[in-house]
Protein chains: 2
Amino acid sequence: MKELKVGVVGFGTVGAGVVENLLRNREVIAKRTGVMLTLTCVADLDTTTDRGVALPEGILCNDAAEAIRRSDIIVELVGGTTFAKKLILDALNAGKSVVTANKALLALHGEELFAAAEKNNVDLYYEASVAGGIPIIKALREGLAANRINRIFGIMNGTCNYILTRMEREGVNFDEVLADAQRLGYAEANPSLDIDGFDTAHKTAILASLAYGRWFGIENMTIEGIRDLELEDLNYALELGYRIKLLGVIKNVNGAVEMSVRPTLIPQEALLAGIMDVFNGVMVEGDFVGQTLFYGRGAGRQATASAVVADIVDVALNYNSGATRRIPAFRQGEQFESVTPQNECTSRYYLRLIVEDCPGVIASITKILADREISISSLIQHENQGENVSLVILTHPAMEKEIRSAMDELSKLSVNRSTAKMLRIEEL
Amino acid sequence: MKELKVGVVGFGTVGAGVVENLLRNREVIAKRTGVMLTLTCVADLDTTTDRGVALPEGILCNDAAEAIRRSDIIVELVGGTTFAKKLILDALNAGKSVVTANKALLALHGEELFAAAEKNNVDLYYEASVAGGIPIIKALREGLAANRINRIFGIMNGTCNYILTRMEREGVNFDEVLADAQRLGYAEANPSLDIDGFDTAHKTAILASLAYGRWFGIENMTIEGIRDLELEDLNYALELGYRIKLLGVIKNVNGAVEMSVRPTLIPQEALLAGIMDVFNGVMVEGDFVGQTLFYGRGAGRQATASAVVADIVDVALNYNSGATRRIPAFRQGEQFESVTPQNECTSRYYLRLIVEDCPGVIASITKILADREISISSLIQHENQGENVSLVILTHPAMEKEIRSAMDELSKLSVNRSTAKMLRIEEL
């Protein structure tokens, strides 16, 4: 059995998980795959902190270049987009294959990295960059390769899903749950990457790229996080038979691709709506396979390590059979005609207006919608809300620019009391 | 771009789906994978029936040998275990790689077929044999390769899941739903393979084999179908917070493997319990990844074709990079110490006794359980059931032989009025 030398750069949470996996499951992996993985080097600037995993003598060092020299495969787990980029390019240029979990780097500099991998005829894999332990990239690239992809809906940020789950279950406001999540370590001190949707956007861009054959960044993506969601919206959604999730949405509508990250109402009875707490789930709909769902832990030391080591195994299987670049890091080949701006996308919408409770309010609001041929599918105004009331409207499919134009005009009504909410509804 | 010649033997439901996919999505598959698949031959004894797909001139023939001669890859979709076996062996011995969806054949003769593939240095893949369009075999063999597998629970028979869903939703008995399912084409005229659990058992054996490195047949597996399930059991399960599903269950308990197919109570709030109608779902729990779930259509012309063509792509990628047998059909390498007979497995149980409603009944029943140290976790007896009443008991974990011994003794009680029900409970 051939032995492959693995070097890990970045001995943080995921790095420690990868090291633990390579040491603990080495024999099992060899039995299952015929690949014997040998950890030869772990590089990190901090060589003293205890990571709860016992490294063999002489493995730990503080020099990434040393890791590259000593290994056949380099695992990049330092994060960020500067040193990580240099490290990956150095490894590729040294003729070493690379495994990374760095979604932000891929979304930003994917094409440059893929070109370097191609030039050096080595592999660059990134299963762990999307949805942690769930093998969704392999599913999209290989398992569902026979399909045109119609839609992908992904719950891909555990922090957001955890916050939404607790808000709904405990009836607590966003700020309170966020503070508690930070205390418990489920949210970063600076939570913006997660709660403002950028992390989900990086992952959405990667899945869209694999689905449609152009490396999409997040530059032109509409990205909305969950910061402005109120408990009231979660509760109205439930009352109406839906649940609000932060969704990465990718669609192919007659050859035109739509992409966004937005809090979205999905039907409560859909399996995707049952994904709670820190778990992730990705629904992929293909023209032949129909709807599929892939569910699991989207983050964490061990789950992410599972995906990283799966990539290492893939690289090693390629080495073993002389088939490096059997599947390239990314294959260009556009399977769409255009990208539709969000304003021109058609969807159903949830609107919540906060208005003065007085005669004629509903008449004037519904007229504004009617003027734009926006059709109402349901409407709720509860009794006894006090002076200002929430008026919740679900629409039939309408173009976003019509909805935004209506919202603009609604905001100018004298009875309008606060910024209205507008969320998309997706059916499954 | 290299072109690979594909021959399909068996032009039935799935065969027609594969042909449709290869013709319709050829360009998309080429863009995504770099593999150009060319359908060169479709062989079937019936060359006249319209399958709703237009074959190019000269493709259809009635000779499987002709398909082997004309192709690099042979797709076996004839089903059964005699001609199909000969066909696969002929193709392998002619140096052609094979893709099949034939779970019964694999469960019965897997080792012989794998040996022939190895001898001839070609590939033999079978993604479509388990859970239709869901890429679960790839997930287990590659995506989750870094994990020791703790448990696999699979809902893998669409017919059974459809019947259970309708019984529960409509409050209709098994016989009535089965008859309707047969009328609608969701169940075979001879439904035994599905409803008596054998189909699920074949799939369970394949997943267990991939998880633990020995090719298991179904010979020693405990297999129970859904034929004896009564509406009352489904309703009691719901009342107790569970739902009954026909589960293929695979577990590794301290190095000992447990395998069975049985109707099983699982917690209603578990995602697996939300899989309804003809859909399939497989929960895989690994030591690093934790719980994952893979969901989709388990059967049908197009979904199954999706999995078959994914295998063809894998074979073709191997050809293209000179890496045939990069991943062998099956890799022997046992990752367990023993197989535990069902009688010695420990589980929680659901018992429903049908007894005469008279003084002392509960006392005598619970004494029989207590004598075997079987602890009761809950007990229901509803009022106003008439002369004979159902007494439902959920137990704490107990060994199956203790439960069976208790059931034997319970059946001899003078108050016993009918065969008691015994189902396993699995937590998620």
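Quick notes on this one:
- Entry remark, the stretch A:118-128: residues being surrounded by fewer than 24 Cβ atoms within 10 Å (Cβ to Cβ) and either touching a residue at least 40 places away in the same chain (Cβ under 8 Å) or within 11 Å of chain B (Cβ to nearest Cβ) (or both) number 2 in total.
- The stretch A:279-297 residues that are closer than 14 Å to residue B:135 by Cβ, paired with ones that are at pLDDT below 95 (beta carbon under 6 Å, 6 or more apart): none
- Contact map, the stretch A:31-49: residues that are among the hydroxyl-bearing types (Ser, Thr, Tyr) paired with residues that are at pLDDT 95 or above and not in a loop (DSSP other than H, G, I, E, B), Cβ distance under 6 Å, separation 6+ or inter-chain. Pairs shown: A:33/A:313; A:38/A:5; A:40/A:5; A:40/A:7; A:40/A:70; A:47/A:60.
- Tally, over the stretch B:345-399, of residues that are surrounded by fewer than 17 Cβ atoms within 10 Å (Cβ to Cβ), free of Cβ contacts under 8 Å to residues at least 60 places away in the same chain and more than 24 Å from residue B:427 (Cβ to Cβ): 17
- Residues satisfying the stated conditions in the stretch B:6-21, i.e. within 19 Å of residue B:317 (Cα to Cα) and either touching a strand residue (DSSP E or B) at 6+ places or on another chain (Cβ under 9 Å) or not assigned by TED's automatic domain parsing to the domain that holds residue B:43 (or both): B:6, B:7, B:8, B:18
- When residue B:275 is tested against (1) within 30 Å of residue B:168 (Cα to Cα); (2) more than 8 Å from chain A (Cβ to nearest Cβ); (3) crowded, with 21+ Cβ neighbours inside 10 Å, just one condition goes unmet, and that condition is (2).
- Residue match in the stretch B:32-47 (condition: more than 14 Å from chain A (Cβ to nearest Cβ), more than 22 Å from residue B:97 (Cβ to Cβ), out of contact with any Leu (no Cβ under 6 Å at 6 or more places or on another chain) and of a type in the set (Gly, Ala, Ser)): no
- Residue A:225 falls short on exactly one of the conditions (1) within 14 Å of chain B (Cβ to nearest Cβ); (2) of a type in the set (Gly, Ala, Ser); (3) in contact (Cβ under 8 Å) with a residue 12 or more places away in the chain, and that condition is (1).
- Tally of residues being more than 7 Å from every other protein chain (Cβ to nearest Cβ) and either β-branched (Val, Ile, Thr) or free of Cβ contacts under 8 Å to residues at least 24 places away in the same chain (or both) across the stretch B:302-340: 7
- Any hit, the stretch A:276-284, residues being closer than 22 Å to residue A:102 by Cβ and of a type in the set (Val, Ile, Thr): yes
- Subset of the stretch A:130-159 [more than 9 Å from chain B (Cβ to nearest Cβ) and within 26 Å of residue A:177 (Cα to Cα)]: A:130, A:131, A:153, A:154, A:155, A:156, A:157, A:158, A:159
- Odd one out for residue B:299 among (1) more than 10 Å from chain A (Cβ to nearest Cβ); (2) modelled with pLDDT of 95 or more: (2)
- Listed conditions (1) assigned by TED's automatic domain parsing to the domain that holds residue A:9; (2) in contact with a strand residue (DSSP E or B) (Cβ under 8 Å, 6 or more places away or on another chain) are all met by residue A:279, apart from (1).
- Going through (1) assigned to a strand (DSSP E or B); (2) modelled with pLDDT under 95 one by one, residue A:251 falls short only on (2).
- Residues in the stretch A:187-219 that are part of a loop (DSSP other than H, G, I, E, B) and either touching a Phe, Trp or Tyr at 6+ places or on another chain (Cβ under 7 Å) or not charged (D, E, K, R) (or both): A:187, A:189, A:190, A:191, A:197, A:213, A:215, A:216, A:217, A:218.
- Scanning the stretch A:375-428 for residues that are within 24 Å of residue A:248 (Cα to Cα), assigned to a loop (DSSP other than H, G, I, E, B) and of a type outside the set (Asp, Glu) yields A:396, A:397, A:428.
- In the stretch A:1-30, residue surrounded by the most Cβ atoms within 10 Å (Cβ to Cβ) [restricted to those that are touching a residue at least 60 places away in the same chain (Cβ under 8 Å), in a strand (DSSP E or B) and not hydrophobic (A, V, I, L, M, F, W, C)]: A:7
- Members of the stretch B:278-296 that are within 9 Å of chain A (Cβ to nearest Cβ) and surrounded by fewer than 24 Cβ atoms within 10 Å (Cβ to Cβ): B:287, B:290, B:291
- When residue B:250 is tested against (1) away from chain A (no Cβ under 12 Å); (2) surrounded by fewer than 24 Cβ atoms within 10 Å (Cβ to Cβ); (3) under 23 Å from residue B:145 (Cβ atoms), just one condition goes unmet, and that condition is (2).
- Scanning the stretch A:31-68 for residues that are among the β-branched types (Val, Ile, Thr) and surrounded by 15 or more Cβ atoms within 10 Å (Cβ to Cβ) yields A:33, A:35, A:40, A:42, A:53, A:59, A:68.
The values are calculated or read from the model by the stated rules, or taken from the named source; none is laboratory data. Keep in mind it's a predicted model, so treat the numbers as computed, not measured. Using ideal geometry, Cβ is built from the backbone for each residue, glycine included, and neighbour counts are taken over all protein chains shown.
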